1. Based on the Cβ-Cβ distance of residue 407 and residue 139, what FRET efficiency does E = 1/(1 + (r/R0)^6) give at R0 = 30 Å, to the nearest 0.05?
2. Residue by residue through region 235-242, which ³J(HN,Hα) values in whole Hz follow from phi under the Karplus form 6.51 cos²θ - 1.76 cosθ + 1.60 (θ = phi - 60°), with glycine and proline marked x?
3. State the label only: which of (i) 1.09; (ii) 1.03; (iii) 1.13 corresponds to Cα Rg over 2.2 N^0.38 Å computed from the shown model?
4. Using modelled backbone amide H atoms (1.01 Å from N, in-plane), which distant-in-sequence or interchain residues come within less than 5 Å of residue 310's amide H?
5. Could you rank the peptides 100-106, 142-148 by their average count of other C-beta atoms within 10 Å per residue, with the highest value first?
6. On a 0 to 90° scale, report how tilted helix 2-21 is relative to the longest principal axis of the chain, with both axes built from alpha carbons and the result rounded to the nearest 10.
7. Only bridges with both residues in the chain count here: give the DSSP antiparallel percent, nearest 5.
8. Sort 197-208, 32-43 for me by packing, meaning the mean count of neighbouring Cβ atoms within 10 Å per residue, highest on top.
Amino acid sequence: MLKTIKIFLSISLLFAGINLFSQNSTSSPYSQFGIGDIVNKGFGQNYAMGGTGIGMRSSTNQNNINPASLSALKIQRFKFQIGIKNQTTKFKSSNAESTSNDINLDYLSMWFRVSNWWHSSFSLNPYSNVGYNIVDSQNYPSIGNVETYFVGSGGINQFNWSNSFQFFKHFSVGINASYLLGSLNQTRTVIFVDDSYTTNTQSEKNINISDVFFNYGIQYYNKLNENYSYTLGLKFDNETKINVEKSILSGSTYGKYTNSIYDNTLIDTLENIKDQKDSFTIPTNLGFGFSFSKNQKFIISADYTTQNWSSTKFLGRTDSLTNSNSFKFGLEYTPKWNSINHAYKRFHYRFGGHYTNTYLNIYNEQLKDYGISFGLGIPLRKTNTLINLSFELGQRGTIDNNLIKENYGIIRLNLSLSDIWFIKRKFD
């Protein structure tokens, strides 16, 4: 009965998380391009180790970067994870500065062993986020001040069913089916501040996304000797056409400025499109990774990924997109995992870093994103609970070419709970 309650609560939290993820999770002006800010996948251990995971395997830490890693769960265990993220970002241009703070649910996941050769998990995480509010003021001799407002919100959520199959010794394959669900909302408003005879204009675009795509992974793992082992991993996301429905309403408006055209008095309609079928393409994503470890002592990991966005059109336009690639590395050290007298020796101490050429190319400047991360994995004695805490400091963009530089700090808290299934309890 207790196991049934736990399963029910886990599934309920997964679906309840859809509403929590729907809140704006970014304040970046760069989220106006493409499908928004694409979120890097990972859980507690991955984030603290620079975002690595393609070539990592763990019997205690779930890894959603490569579905083949799920087979590392070697006992009849059920695991539930929840992650919370707080990000503070300082935006700087050549003539202005501002700061934002966003706190959100990061992910939900449950992981379980189906059989000796089949492991499975369900998870929910954001795929991309949109959230920006930009004002551009210009003065024209003939009409005076003109203010243009660009406002965006929404995002795409990703519900995953991941499976790992171990048909041969030292070799694991994985497949992940993802259901994308969300909406992207964009509004552009032009206000003629000093000209009372000219009506304002406003255009609002709503894009609803609902479709499925697949990605795959393999891992080969072996021991060099009794103490040292290694894992080689590969992940592959095939190019996928994602279907959407697009609605656009634009026209002349009267009254005070609002973020939505539907809250204004519409004087004249310039364009009115409802639920028009359209699509965009998620390009092929290829990644390689490896890890080298000493039993219960340390792990060294590294990943490389590349994705071809340059030929991708988002609703008929390339939208400043270019090919992206990323290099990540990580390190974990555990002084003595089975220490009885010193709790700090059982902690997992982690460090990592990343350097990314992002998928955005604005004013012929490809945006760079780089940073370092560090954190702790804290096992709680006499329980099956692990607390993962990570910190990340990084920078994206530049103030050159009239762009914006973002300096960010991210704090993540991950709680991992597990229980043993199908073992009969004995009572005296």
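1. On the way: r = 31 Å, r/R0 = 1.04.
It comes to 0.45.
2. Once rounded to whole Hz, the list reads 10, 8, 10, 6, 4, 9, 7, 9.
3. Answer by label: (i).
4. 323
5. Details: 100-106: 17.4, 142-148: 13.1.
Result, highest mean Cβ count within 10 Å first: 100-106, 142-148.
6. 20 degrees
7. Numbers: 213 of 213 bridges.
Around 100 percent of the beta bridges assigned by DSSP in the chain are antiparallel ones.
8. Going from most to least packed, we get 32-43, 197-208.
Throughout, read-outs are computed from the coordinates displayed, never taken from laboratory work. It should be emphasised that the depicted structure is a prediction, and the values quoted were computed from it without experimental measurement. Cβ atoms come from the backbone with ideal geometry, glycine included; neighbour counts cover every protein chain shown.
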